[in-house]
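The values are calculated or read from the model by the stated rules, or taken from the named source; none is laboratory data. Because the structure is predicted, anything quoted here is derived from the model rather than measured. Cβ placement follows ideal geometry from the backbone for every residue including glycine, while neighbour counts extend to all protein chains displayed.
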């Protein structure tokens, strides 16, 4: 196996924080709040300005859970927290882990390119 090559600086690719929501929670992208099935809401806090929270599988957003398989329902729980380029995800992962709707959070693996050697 060939070693990975780091992406060039300035590539615009950022390392996100990967999160998995607790069951029965979702993120309302329009209002930027997490909402539980019981109606409880949580507004994310502790992130720098211009941070974004996005679903990993956007095509499943808003799909009626009754029409989804068990695996698709599970995929609806996975998200990325994308920070501004100047911010380190490692600095904020514990903040995200402390949010009530979050079951798990970690810094995503570093993206790399294959070596051509």
Exercise. So which residues in the stretch 71-103 are touching a residue at least 60 places away in the same chain (Cβ under 8 Å) and either on the phi > 0 side of the Ramachandran plot or assigned to a helix (DSSP H, G or I) (or both)?
Worked result: 89, 92, 93, 96
For this session: Quickly run through the stretch 35-58 and pick out the residues that are within 19 Å of residue 74 (Cα to Cα), free of Cβ contacts under 8 Å to residues at least 60 places away in the same chain and surrounded by 13 or more Cβ atoms within 10 Å (Cβ to Cβ).
Result: 35, 53, 54, 55, 56, 57
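I'd like to verify a number: residues in the stretch 59-70 that are over 29 Å from residue 90 (Cβ atoms) and either touching a residue at least 12 places away in the same chain (Cβ under 8 Å) or in a loop (DSSP other than H, G, I, E, B) (or both), how many? Steps first, answer last, please.
From the stretch 59-70, those over 29 Å from residue 90 (Cβ atoms) are 59, 62-70; that's our starting set.
Cutting the leftovers down to either touching a residue at least 12 places away in the same chain (Cβ under 8 Å) or in a loop (DSSP other than H, G, I, E, B) (or both) gives us 62-64, 68-69.
Total satisfying the criteria: 5.
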Problem set entry | Residue satisfying all of: in the stretch 18-34; under 14 Å from the mean Cα position of the chain (by Cα) and part of a loop (DSSP other than H, G, I, E, B); surrounded by the fewest Cβ atoms within 10 Å (Cβ to Cβ) among these | 32
Problem set entry | Condition met for residue 54 (modelled with pLDDT of 95 or more and in a helix (DSSP H, G or I)) | no
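Do we find a residue being under 13 Å from residue 15 (Cα atoms) and modelled with pLDDT of 90 or more anywhere in the stretch 65-77?
Residues of the stretch 65-77 that are under 13 Å from residue 15 (Cα atoms), as a first pass: none.
No, because not a single residue in the stretch 65-77 is under 13 Å from residue 15 (Cα atoms) and modelled with pLDDT of 90 or more.
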Exercise. Counting just the residues of the stretch 85-94 that are in contact with a strand residue (DSSP E or B) (Cβ under 9 Å, 6 or more places away or on another chain) and surrounded by 12 or more Cβ atoms within 10 Å (Cβ to Cβ), which one comes out modelled with the lowest pLDDT?
Worked result: 89
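Across the stretch 104-117, which residue is modelled with the lowest pLDDT among those that are over 12 Å from the mean Cα position of the chain (by Cα) and either surrounded by 11 or more Cβ atoms within 10 Å (Cβ to Cβ) or not in a strand (DSSP E or B) (or both)? Spell out the reasoning first.
From the stretch 104-117, those over 12 Å from the mean Cα position of the chain (by Cα) are 109-117; that's our starting set.
Still in the running and either surrounded by 11 or more Cβ atoms within 10 Å (Cβ to Cβ) or not in a strand (DSSP E or B) (or both): 109-113, 115-117.
Values: 109: 84, 110: 77, 111: 72, 112: 69, 113: 66, 115: 63, 116: 63, 117: 60.
Filtering the stretch 104-117 for residues that are over 12 Å from the mean Cα position of the chain (by Cα) and either surrounded by 11 or more Cβ atoms within 10 Å (Cβ to Cβ) or not in a strand (DSSP E or B) (or both), the one modelled with the lowest pLDDT comes out as 117.
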